[in-house]
Amino acid sequence: MSASATVLPEKATHQQMRTFNQQLVLRALHDDSPLSRADLARLTGLTRTSVGDLVGTLIDDGLIEEVGRGQSTGGKSPILLRVAPDGRHLIGLDLGEAQFSGAVVNLRGEILRSIHLPLEGRDGDAAVELVFRLVDALRADDRSPLLGIGIGAPGIIDTSTGTVRWSVNLNWAELPLGPLLEQRSGVPVVVANDSHAAALAELTFFRRPRPNNLIVIKVGRGVGAGIILNGQLFQGDGHGAGELGHVSMGSAHAPCRCGREGCLETMTSMRALVDAAGAVEPSITDESGLVAAFLAGVTGIRRIVLDAARELGVAVGWLIGVLNVRHVLLVGPVAEFGDDWLGEVRRYARSSVLALLARDTQIEFGHVHDDVVVLGASALLMEQQLGLGLVR
């Protein structure tokens, strides 16, 4: 199934109509399994005859399966159906700054096998070759049908073409990563910004009921936001929506990796906090040491971390004021700072926006999961190839 079939064309062919209806059935089962054929007819608005035909095709394709019988309402007990978890496998990649991580994922978002390869300073063509190595290693022992490959990468990504338009850390500019990997692997490939992928993971696998609007802010060695509006990933006209970390803060003048000064990332990212903490306590050289010192109550370290939380809170307030989105999630290693850090973000976000908007907004930690980008890239692939995942 193609992404183009997700929205039914005004003058649809018979095959387009059938593909669209298959997606309706798959989406219903993905969101609320197990269901009977009668349940599917009621939820999708399709006739029972059409549902029966579509279910038969999807079972033959290995995408759904029968899982026993439900309770009888007077007649024969209905046969229950669900999406077959291993009907297809996906490969999800997270091209992080320190390492490239990948996993084999099933249709329920379960991680079956993971591999991590250290980046060790690679960039440019050498980093591309590391992507190829990672995919080869993940495919080596997996014999299930492969739906495709989803990639979450830092930088500005044109998801429609699979092009990395700009990624400062990897020294990639206008790199057609998706087409390169698709040609090499022979399967569909989708590429998204890593923060956008984190938002898709939260929406697809961890939020019930799913909100129509959602902001997920990922704070790690960089800072970025994934924005869901009306159930769809919002990428902006130039595919750079959510580049929050590279918005300049008037009070800051530290040089940023992007070539400018005073970016939010230079004040609030884990990289910036480790550097600032190391100047106070030379024994702190990494994120784990920083978190340990903060939780132990080291005064100078707590001041550094909570000052950064306040700056981030102001930026969150801007987003709330501009978009009026009521669900804001914070993900990444900053979650290890716990409620004290979150409380400062909330306080400064709410003091930076109209009280009415602040009162209606929930700001909380998202699903704390090392594989959130891998899962989000997989979710985008599922949406494009099977019509699953995002709200309609």
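The values are calculated or read from the model by the stated rules, or taken from the named source; none is laboratory data. Just so it is clear, the structure is predicted and the values come from calculations on it, not from any experiment. Positions of Cβ are generated from backbone atoms using ideal geometry, with glycine treated the same way; all protein chains shown enter the neighbour counts. Calculation scope for accessible area: heavy atoms of the full protein, side chains included, ligands and nucleic acids excluded. Shrake-Rupley method; radii C 1.70, N 1.55, O 1.52, S 1.80 Å.
In region 204-225, what residues are within 25 Å of Glu265 (Cβ to Cβ) and assigned to a loop (DSSP other than H, G, I, E, B)?
Within region 204-225, Asn213, Gly220, Arg221, Gly222 meet the criteria.
Taking the options Leu80, Leu146, Leu117, name whichever one is in contact (Cβ under 8 Å) with a residue 12 or more places away in the chain, open to solvent by 10 Å² or more (accessible area, probe 1.4 Å) and in contact with a His (Cβ under 7 Å, 6 or more places away or on another chain).
Leu146
Of the conditions (1) within 10 Å of the chain's Cα centre (by Cα); (2) open to solvent by 20 Å² or more (accessible area, probe 1.4 Å), Pro188 clears all except one; give me its number.
It is condition (1) that Pro188 fails.
What are the pairs, 6+ residues apart or on separate chains, where a residue within region 124-137 that is over 19 Å from Asn171 (Cα atoms) and touching a residue at least 24 places away in the same chain (Cβ under 8 Å) has its Cβ under 7 Å from a residue that is part of a helix (DSSP H, G or I) and open to solvent by 10 Å² or more (accessible area, probe 1.4 Å)?
Hits for this filter: Val135/Ser185.
Where residues in region 156-174 are farther than 18 Å from Gly102 by Cβ and of a type in the set (Gly, Ala, Ser), which of them is surrounded by the fewest Cβ atoms within 10 Å (Cβ to Cβ)?
Within region 156-174, the match that is surrounded by the fewest Cβ atoms within 10 Å (Cβ to Cβ) is Ser160.
On the given criteria, is Phe20 under 28 Å from the mean Cα position of the chain (by Cα), modelled with pLDDT of 95 or more and under 24 Å from Leu147 (Cβ atoms)?
Spelling it out, it is not the case that Phe20 is under 28 Å from the mean Cα position of the chain (by Cα), modelled with pLDDT of 95 or more and under 24 Å from Leu147 (Cβ atoms).
If Ser33 meets every condition in (1) under 30 Å from the mean Cα position of the chain (by Cα); (2) part of a helix (DSSP H, G or I); (3) within 25 Å of Arg207 (Cα to Cα) apart from one, which number is that one?
Among (1) under 30 Å from the mean Cα position of the chain (by Cα); (2) part of a helix (DSSP H, G or I); (3) within 25 Å of Arg207 (Cα to Cα), Ser33 violates only (2).
Taking Val274, is it of a type outside the set (Gly, Ala, Ser) and outside any helix (DSSP H, G or I)? Before the answer, list the steps.
Details: of a type outside the set (Gly, Ala, Ser): yes; outside any helix (DSSP H, G or I): no.
In short, no.
Check region 175-182 and report whether any residue there is surrounded by fewer than 17 Cβ atoms within 10 Å (Cβ to Cβ) and acidic (Asp, Glu).
no
Among the residues of region 171-203, what is the count of those that are outside any helix (DSSP H, G or I), out of contact with any strand residue (DSSP E or B) (no Cβ under 7 Å at 6 or more places or on another chain) and within 13 Å of Val128 (Cα to Cα)?
1
Does Val345 meet the test of being β-branched (Val, Ile, Thr) and in contact with a strand residue (DSSP E or B) (Cβ under 7 Å, 6 or more places away or on another chain)?
yes
Which residues, taken from region 314-358, are over 26 Å from Thr204 (Cα atoms) and of a type in the set (D, E, K, R)?
Listed by number, the residues that qualify are Asp340, Glu344, Arg347, Arg350.
Return the only residue of Leu112, Leu63 being in contact (Cβ under 8 Å) with a residue 12 or more places away in the chain, in contact with a helix residue (DSSP H, G or I) (Cβ under 7 Å, 6 or more places away or on another chain) and surrounded by 14 or more Cβ atoms within 10 Å (Cβ to Cβ).
Result: Leu63 is the single residue among Leu112, Leu63 that is in contact (Cβ under 8 Å) with a residue 12 or more places away in the chain, in contact with a helix residue (DSSP H, G or I) (Cβ under 7 Å, 6 or more places away or on another chain) and surrounded by 14 or more Cβ atoms within 10 Å (Cβ to Cβ).
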